[in-house]
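Structure, as structure tokens:
The values are calculated or read from the model by the stated rules, or taken from the named source; none is laboratory data. As the structure is a computational prediction, the values presented were derived from the model and not from experiment. We place every Cβ from the backbone using ideal geometry, glycine too, and count neighbours over all the protein chains shown.
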Amino acid sequence: METTTSTASHTPGSLLIAWQLRDKHALVVGGGQVASSRVQHVLAAGAKVTVISPADGLNEETKSLIDDNHIVFHDRKFLSTDLDDADMVLTAIDDVELSRHIGASCRARRIPVNVADDPSYCDFYFGSQIRQGPLQIMVSTNGKSPKLANIIRRRIEESIPKGAGEAIEKVGLLREKLKERAPGVGGDVSKRRMKWMVDLCTSWELDDLAGLDDGQIEKLLDEGWERNVVPSRDSVY
């Protein structure tokens, strides 16, 4: 994978990774709009979410998630014992001293923490994000300018073909079926499998990949992979 680094950068940036949160416990301290945004982000990643906040400070969207039993809610202020089983902590409250106390406590326990609007207490940031199915793109300014991140994200989003997410879904399904036919990691089969997928993705348009159905995927494997060629779109559709 190629990366581009500007020579104008004099300080280390962040390590951009896809963090798997499925079934991890995310603790959110706060109930306002920013906290609600955090809740929605970690829920979308499959986390189990607990919100700590007085009920009178809850955002309407968070209330709805509580009513639908999507998250656990405690109507009270933060307690240090709330950290006991947390895999990730996010704070979004007006009390700066309490936020920093929570941040310091998390670091002492080696729990990744994000303290809203206080980058020095953050182990990670929430950038401006694009989501189309399995496609996720994040623009980060490392806490320096969320608004510019948002502007840049919109410009990138405008350039992404509408069918990109669906194309990725279909290519993922094709890869799974190909691995069933030609299993193994490493070796000649793995190299051939990778080359065939690369050739297909660079030969076909995104819209054509997005439009594949189950029968066409099987035909693509029968007439393409088995014969070691990349069929044309017209021969498969």
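For the reader, a short list of remarks on this structure follows.
- Pairs with Cβ under 6 Å, 6+ apart, first in the stretch 84-111 and more than 16 Å from LYS24 (Cα to Cα), second part of a strand (DSSP E or B) and hydroxyl-bearing (Ser, Thr, Tyr): SER99/THR91; ILE102/THR91
- Single unsatisfied condition, ILE168 versus (1) among the β-branched types (Val, Ile, Thr); (2) touching a helix residue (DSSP H, G or I) at 6+ places or on another chain (Cβ under 9 Å); (3) closer than 17 Å to VAL230 by Cα: (3)
- Within the option set VAL89, VAL96, being in the same structural domain as GLY46 (by TED's automatic domain parsing), crowded, with 18+ Cβ neighbours inside 10 Å and farther than 21 Å from LEU206 by Cα holds for one residue only, VAL89.
- Count - residues of the stretch 188-229 that are within 24 Å of LYS162 (Cβ to Cβ) and among the β-branched types (Val, Ile, Thr): 3
- Where ALA182 falls short, out of the listed (1) surrounded by fewer than 18 Cβ atoms within 10 Å (Cβ to Cβ); (2) of a type in the set (A, V, I, L, M, F, W, C); (3) outside the structural domain of CYS201 (by TED's automatic domain parsing): (3)
- Any hit, the stretch 76-84, residues being surrounded by fewer than 17 Cβ atoms within 10 Å (Cβ to Cβ), within 23 Å of ARG131 (Cα to Cα) and of a type in the set (D, E, K, R): no
- Close pairs (6 angstrom Cβ cut-off, 6 or more residues apart or separate chains): at negative phi in the stretch 213-237, of a type in the set (Ser, Thr, Tyr) anywhere: VAL230/SER203
- From the options ILE152, ILE137, ILE168, ILE160, residue that is under 16 Å from HIS41 (Cβ atoms) and surrounded by 13 or more Cβ atoms within 10 Å (Cβ to Cβ): ILE137
- Residue ID - farthest from LEU206 (Cα to Cα), chosen from residues in the stretch 130-165 that are more than 18 Å from the chain's Cα centre (by Cα) and polar (S, T, N, Q): SER145
- Residue check for LYS191: in a helix (DSSP H, G or I), over 14 Å from GLN132 (Cβ atoms), modelled with pLDDT under 95 and not aliphatic (A, V, I, L, M): yes
- Per-region count, the stretch 47-75, residues touching a residue at least 12 places away in the same chain (Cβ under 8 Å) and either in a helix (DSSP H, G or I) or within 19 Å of GLY127 (Cβ to Cβ) (or both): 7
- Scanning the stretch 76-93 for residues that are closer than 11 Å to SER53 by Cβ and not in a strand (DSSP E or B) gives ARG76, LYS77, PHE78, ALA92, ILE93.
- Near pairs, Cβ below 8 angstrom, 6+ apart or cross-chain, from the stretch 167-182 (without any contact (Cβ under 8 Å) to a residue 24 or more places away in the chain) to any residue that is in a helix (DSSP H, G or I) and surrounded by 13 or more Cβ atoms within 10 Å (Cβ to Cβ): ARG175/MET197; LYS179/ARG193
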